[in-house]
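Heads up: the structure comes next, in structure tokens.
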Amino acid sequence: MSGEPRSAGASFEINAENPQETVIAGFSQFGLAGLTAVDYLVDHLEFEQVGHITADQLPAITPFENGQPRHHTRVFSHEEAGLSVLVGELFVPAWAAKPFSEAVLEWTETGGIDEVSVLHGVTIPHAPDEHQVFYVATDDYRDHRLADAGITAMGRGFLDGMNAEVMARGMESDLRTGVFVTPVHAQAPDVEAAIRLLDAVQRVYDLDIDTGPLEEFAGEVRGYYEDLAERLSERAETDGPEGRMYM
């Protein structure tokens, strides 16, 4: 499958075979909680890589491990769980959010995807008792997934960038859409925030996720994540006000 919007600036192409009907996504944003959560989910439940996303006209990174390179944004699937996971290590700046989301949303249409969940951390002032996960979701997503999940609705605010584009499509179509939001701290990765997001995924999708080893998992990749966070911060400063993180 591929989705490539026409754009005068950045463009993205998705090549992924036989995605499942439900996609969970985590992207490179401050705190890296969503990215850490989906990376751990893929590793812990042994998802199989089925594709990747390439970017044109956008400063890219090529991650590698033990000398072996990999694509910065990858798609994994787990047929038994009925899930595909989108792991996005590439920082997508504000000006490229629309073509990126258009590529993802075109892929959901052509790939027969019915539902998208985004795991997202936000750097907002918060008290210790606000260390929890909140949701913003379309009506059909709430009815289908959240009736007994015990997750609190986000009271007031706004979505922007990629999250806003995905949610707007959900409101205008049959694509069930949910964004799970939790406060994050500046350190990367914010392991506690990632654990909160994984607990939410576990409740919503009835998965058996042992988050105990996550501290060790994060420790193993902490240097890599810290470097990624530093690059993210540099990109945000370069982009100026429009490079801000979104809720």
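Based on Cβ point charges of +1 for Lys and Arg and -1 for Asp and Glu, what charge dipole magnitude is obtained for segment 1-95 about its Cα centre, in debye rounded to the nearest 20?
Rounded to the nearest 20 debye, it is 400 debye.
Taking one equal scatterer on every alpha-carbon of segment 25-135, how large is log10 of I(q)/I(0) by Debye at q = 0.11, 0.21 1/Å?
Log10 I(q)/I(0), no solvent term: -0.40, -1.33.
Based on the Cβ-Cβ distance of ARG70 and ALA153, what FRET efficiency does E = 1/(1 + (r/R0)^6) give at R0 = 41 Å, to the nearest 0.05?
With a Förster radius of 41 Å, E is 0.65.
Once fully extended, how much extra length lies between GLN202 and HIS185, figured as 0.36 nm per residue of separation less the alpha-carbon to alpha-carbon distance?
Extra length available between GLN202 and HIS185 comes to 3.9 nm.
Taking θ as phi - 60°, what are the ³J(HN,Hα) couplings along segment 158-171 by the Karplus curve (6.51, -1.76, 1.60), each to the nearest whole Hz, with x for Gly and Pro?
3J(HN,Hα) across segment 158-171, in whole Hz: 8, 9, 9, x, 4, 4, 5, 5, 5, 5, 4, 5, x, 6.
Taking the square root of 5 times each eigenvalue of the Cα gyration tensor, what semi-axes in Å does the equivalent ellipsoid of segment 57-200 have, largest first?
The three semi-axes for segment 57-200 are 24, 21, 16 Å.
Would you calculate the convex hull of the Cα atoms in segment 133-205 and tell me its volume per residue in Å³?
Taking only Cα atoms, segment 133-205 has a hull volume of 100 Å³ per residue.
Once amide H atoms are placed 1.01 Å from N in the peptide plane, what residues at a sequence separation of 5 or more from VAL122, or on another chain, have their amide H within under 5 Å of its amide H?
Answer set, sorted by chain and number: THR182, VAL184.
Just so you know, all these numbers are worked out from the coordinates, no wet-lab data involved. Because the structure is a prediction, the values reported are computed rather than measured. Note that each Cβ is placed from the backbone with ideal geometry, even for glycine, and that neighbours are counted across all protein chains shown.
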